[in-house]
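Heads up: the structure comes next, in structure tokens.
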Amino acid sequence: MLKVKILFVGPSEAGKSVLANFLSESTEGIGSYLPTHAVRILEYEMPNFGGNGKGAGCRFELWDCGGDQKFETCWPALMKDSHGVVIVFNQDSPTHLKEIEMWHSCFVQQQQLLESQCLLISHHKPGNAMDPENLTLPPPLNRLQVVHSSLEEDPEDFRMEFVKYLKGITKLVNENRDREEMLLIT
Ligand SMILES: Nc1nc2c(ncn2[C@@H]2O[C@H](COP(=O)(O)OP(=O)(O)OP(=O)(O)O)[C@@H](O)[C@H]2O)c(=O)[nH]1
Ligand SMILES: [Mg+2]
């Protein structure tokens, strides 16, 4: 079975743990805010999600990282062998907009991931209106795919968009695996 590791990073209190719980269908509900310490790993499987029709399903690991920069010393260990990076933020927070440049630089650029391996999630907490038109990001962030999430308004639409992102990642992982196989054979 194909294994795919995806990191959830971004500012504290943005909603990373809430979204990771929702996507992995964890039974943990939304409670009062509990900062994540370093990392929490959520695992789930999607049968018939092999990417190229080869494998029987896919196992995803969502690495829900703590947004506090005091965990910076753990970041290299977290990044190791990750296939994708998801940056969660709240677009109505000016400090978040500034901070995501740092998360992108540390987790995407320094790891030399492709743009298609990174996803930005503009998370809308209850009471924060969904207004995708109001989001303008500076380069290089403006080249990345952005998905809007609102668990109150349209959770399933968000899940679908996230699955599309996972499909792209799975395809990439499969292609890399095929390439490695070919190199061993030749
Ligand atoms: N009701 C509701 N509350 C939300 C939602 N998203 C975030 N919250 C609230 O915001 C708090 C912070 O969200 P978390 O997901 O814990 O934030 P985080 O990004 O994981 O923060 P760190 O672990 O410190 O990096 C939650 O405990 C909720 O109280 C949402 O979609 N609905
Ligand atoms: Mg958290």
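The values are calculated or read from the model by the stated rules, or taken from the named source; none is laboratory data. What you see is a predicted model, and the numbers here were worked out from it, not measured in a lab. With ideal geometry, Cβ positions are generated from the backbone for all residues, glycine too; neighbour counts draw on all protein chains shown.
Computed values, structure above
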read-out: Some residue of segment 54-63 being touching a residue at least 24 places away in the same chain (Cβ under 8 Å), within 13 Å of ligand 2 (Cβ to nearest atom) and part of a strand (DSSP E or B); value: yes
read-out: In segment 95-114, the residues that are at pLDDT 95 or above and surrounded by fewer than 21 Cβ atoms within 10 Å (Cβ to Cβ); value: THR95, LEU97, LYS98, GLU99, GLU101, MET102, SER105, CYS106, GLN109, LEU113, LEU114
read-out: Pair list, Cβ under 6 Å, 6 or more apart: segment 102-113 residue over 17 Å from PHE89 (Cβ atoms), other residue of a type outside the set (S, T, N, Q); value: GLN111/MET79
read-out: Total residues in segment 1-54, condition of a type in the set (A, V, I, L, M), surrounded by 19 or more Cβ atoms within 10 Å (Cβ to Cβ) and on the phi > 0 side of the Ramachandran plot; value: 0
read-out: Sole residue being within 21 Å of GLU161 (Cα to Cα) and within 16 Å of ligand 2 (Cβ to nearest atom), chosen from VAL4, VAL9; value: VAL9
read-out: Single condition LEU78 does not satisfy, out of (1) in contact with a Gly (Cβ under 8 Å, 6 or more places away or on another chain); (2) touching a residue at least 40 places away in the same chain (Cβ under 8 Å); (3) over 22 Å from VAL146 (Cα atoms); (4) within 16 Å of ligand 2 (Cβ to nearest atom); value: (1)
read-out: Condition met for PRO132 (surrounded by fewer than 17 Cβ atoms within 10 Å (Cβ to Cβ) and closer than 25 Å to ILE30 by Cα); value: yes
read-out: Hey, ALA20 assigned to a helix (DSSP H, G or I) and under 21 Å from PRO126 (Cβ atoms) or not; value: yes
read-out: All positions within segment 21-47 that are closer than 13 Å to ARG59 by Cα and within 12 Å of ligand 2 (Cβ to nearest atom); value: LEU42
read-out: Pairs where the first residue, in segment 149-162, is at negative phi and the second is surrounded by fewer than 17 Cβ atoms within 10 Å (Cβ to Cβ), C-beta under 6 Å, 6+ apart; value: SER150/MET130; GLU152/PRO126
read-out: Qualifying residues in segment 23-36 (those that are more than 8 Å from ligand 1 (Cβ to nearest atom) and either closer than 23 Å to SER93 by Cα or of a type outside the set (S, T, N, Q) (or both)) - the one nearest to the chain's Cα centre (by Cα); value: LEU23
